Amino acid sequence: MSIKPLIVYYSFYGNTEVVAKEIQKQTGSDLIRIEEVKSRKKGAMIGPAFAALLGCKSAIKPMDFIMADHDTIFLGLQVWARHTTPAINRFISKAAFKGKKVYLFITNAEQTKPENIIASVTRRITKKGGTVVDVFAHRSPWLPNDDRVIPADEIINPVSSWLAQAGLIDDAQSA
């Protein structure tokens, strides 16, 4: 197995991607983006939110990595209608988590930590033999037809603190 962790994430508006890239920058992890086969129109969220609510799974493009080559996985997701996205649902259903340490990072528009999402994803990963070790959640305000994303410099310190606290980087790196 590789010592190098793997970051796998889905990002529709770009907020989760900002966090994923910061984690990559600080850890040197491999980075893979989950992409849906059929692209969605930004601003038209009623259908996708309803699909998330129903627990639907969307078709995702093939990804070029071997899960067995990594023992630590960072899984990045965003929240739609207080549920995981169809792309994340598909990825979790297909991924081989057996024996993996998984660190979740979540972006959502809610004021509070998405405990229901954390419990749901943890349950699904545990059922597949993986262990969710820790979770980073960051509020990312969202308004329909608003393409603004989290500024990269806003996420540096929170990500550093989380990674250091989880023992994934040295405290000196986070300073």
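Read the figures in this text as sums done on the coordinates, not as results from a lab. No experiment lies behind these values; they were computed from the predicted model shown. Neighbour counts are summed over all protein chains in view; Cβ atoms, including those assigned to glycine, are modelled from backbone coordinates with ideal geometry.
Using the count of nearby Cβ atoms within 10 Å as a rough guide to exposure, how do S120, S140, S39 rank from fewest to most?
On the way: S120 17, S140 23, S39 8.
Taking fewest neighbouring Cβ atoms as first place, the list is S39, S120, S140.
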What is the spin-label model distance, in nm, from N116 to A81 if the labels are put 7 Å beyond Cα along the C-beta direction? 1.2 nm
Leaving out same-chain residues fewer than 8 places away, which lysines sit with a Cα under 19 Å from that of K38? K57, K61, K94
Net length gained if the chain between R148 and I66 were fully extended (0.36 nm per residue, minus Cα distance): 26.2 nm
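Within 10 Å of each residue's Cβ, count the other Cβ atoms and sort Y103, Y9 from fewest upward.
Details: Y103 22, Y9 25.
Placing the least packed residue first, the sequence is Y103, Y9.
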